[in-house]
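The values are calculated or read from the model by the stated rules, or taken from the named source; none is laboratory data. Predicted model, so just to flag it, every value in this text is computed and none were measured. No Cβ is skipped: glycine too gets one built from the backbone with ideal geometry, and neighbour counts run over all protein chains shown. The area values use the complete protein model at the heavy-atom level, side chains included, leaving out ligands, DNA and RNA. Shrake-Rupley method; radii C 1.70, N 1.55, O 1.52, S 1.80 Å.
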Amino acid sequence: MVVGCYVLWGFFPLFFRLLDAAGAVEIIGHRVLWTLATCLVLVAVRRGWSRLRTVLTTPRLLGTLTVSGFLVTANWLIYVYGVNAGHTADAALGYFINPLVTVALAAVFLGERLRPAQEISIALASVAVLILVAMQHSLPWVSLGLALTFGFYGLVKKRVSSRVDALTGLTVESLVVAPVALVYLGRLQATGAGAMQGPEASPLLLVLLLLAGPLTAIPLLLFGAGTARVPLSVVGLSQYIAPIMQFLLAWGVFHEEISTARWIAMCFVWAGVAVFAVDLLGQLARRPRVRERA
């Protein structure tokens, strides 16, 4: 399930390219609304209304999920903009460094101690960003925006992960952002600026916009179900499937220009990922021995 989840995310650039006529903000508006609709159907099927009501009537849980809802929506917006503006490689870079950013945020905000290998990984990713700034004379804001928004999203979600299941959490996150999406889409409709009122409007475009909801919810629910059934090592290493696929799509299918600076930066990031992965596997291999000694 976990591998399937990341494979689906890896193919997302192909899907969002089909929605290019709608524009990033309009796509996200539809994505929020149809994700909410999908989640509500699933809540009804699984009879999860009591769990949903508990979260909505608990101010602390509701407040935390409101923050995480806007963070993940910002992440989606940056991602869709990056893909449709020809920056899929930058989006892939952002998801390559995201686990390293998550570890760094945990050290800063949760006081977790970094192991030497983790420090090396973060340093290599930092060098990659500095190379891009120095050689391209610009900040790779798509990459950093994706890594930071998803890193903070994970940090916020960690506060409620033991009290809120994946489906209820995604439902509430979509619910709190839905009014903003409704207002924006309503304004587009009123001014005639929506994609479904333009020259490229078609039944296929409408169907694809409707599918944005299920295609958002299904991988997240697969991830939630899969993480409970597979070893942490599989989860940790599977997270790199999506950015690898996205980078290959950017290079081989979309034919994006991969500058020398990007290649050099990617090499540093891949080196950091390799150190991170080897350290993760080493830690997991040592855990059974620790239990035996205990």
**OP:** Kindly check whether there is at least one residue in the range 176-184 that is within 16 Å of the chain's Cα centre (by Cα) and either outside any loop (DSSP other than H, G, I, E, B) or touching a residue at least 12 places away in the same chain (Cβ under 8 Å) (or both).
**Re:** no
Subject >> Subset tally (residues that are of a type in the set (S, T, N, Q), at pLDDT below 90 and within 30 Å of Leu52 (Cα to Cα)) for the range 114-165 >> reply: 2
**OP:** Would you point out the residue of the range 175-195, among those that are among the hydrophobic types (A, V, I, L, M, F, W, C) and farther than 30 Å from Thr57 by Cβ, that is least open to solvent (accessible area, probe 1.4 Å)?
**Re:** Ala195
Original post:
How many of the residues making up the range 196-210 are open to solvent by 70 Å² or more (accessible area, probe 1.4 Å) and either modelled with pLDDT under 80 or among the basic types (Lys, Arg) (or both)?
Top reply: 2
Original post:
When the residues of the range 128-143 are filtered to those that are within 20 Å of the chain's Cα centre (by Cα) and either among the β-branched types (Val, Ile, Thr) or surrounded by fewer than 20 Cβ atoms within 10 Å (Cβ to Cβ) (or both), which remaining residue is nearest to Ala91 (Cα to Cα)?
Top reply: Val142
**OP:** Within the range 238-274, count every residue that is of a type outside the set (A, V, I, L, M, F, W, C) and either touching a Leu at 6+ places or on another chain (Cβ under 6 Å) or in a loop (DSSP other than H, G, I, E, B) (or both).
**Re:** 7
Original post:
Just one of the numbered conditions (1) without any contact (Cβ under 8 Å) to a residue 24 or more places away in the chain; (2) under 15 Å from Trp76 (Cα atoms) is not true of Ile27; which one?
Top reply: (1)
**OP:** Considering only residues that are assigned to a helix (DSSP H, G or I) and in contact (Cβ under 8 Å) with a residue 60 or more places away in the chain, look in the range 185-195 and name the one that is nearest to Arg51 (Cα to Cα).
**Re:** Leu185
Subject >> Members of the range 57-70 found to be open to solvent by 40 Å² or more (accessible area, probe 1.4 Å), touching a residue at least 24 places away in the same chain (Cβ under 8 Å) and either over 12 Å from Val172 (Cα atoms) or not polar (S, T, N, Q) (or both), listed by number >> reply: Leu62, Val67, Phe70
Subject >> Pair list, Cβ under 7 Å, 6 or more apart: the range 40-56 residue without any contact (Cβ under 8 Å) to a residue 40 or more places away in the chain, other residue open to solvent by less than 100 Å² (accessible area, probe 1.4 Å) and of a type outside the set (Gly, Ala, Ser) >> reply: Trp49/Val43
Original post:
Are any residues in the range 6-47 farther than 21 Å from Ala195 by Cα and small (Gly, Ala, Ser), and if so, which ones?
Top reply: Gly10, Ala44
Subject >> Single match in Ala106, Ala91, Ala123, Ala117 (criterion: among the aliphatic types (A, V, I, L, M) and either without any contact (Cβ under 8 Å) to a residue 40 or more places away in the chain or crowded, with 22+ Cβ neighbours inside 10 Å (or both)) >> reply: Ala91
**OP:** Scan the range 158-174 and report the pairs whose first residue is over 10 Å from Leu36 (Cβ atoms) and open to solvent by 80 Å² or more (accessible area, probe 1.4 Å) and whose second residue is at pLDDT 90 or above and of a type in the set (S, T, N, Q), with Cβ atoms within less than 8 Å and a gap of 6+ or a chain change.
**Re:** Arg159/Thr64
Original post:
Does the range 238-251 contain at least one residue that is among the polar types (S, T, N, Q), open to solvent by less than 30 Å² (accessible area, probe 1.4 Å) and either at pLDDT below 90 or more than 21 Å from the chain's Cα centre (by Cα) (or both)?
Top reply: yes
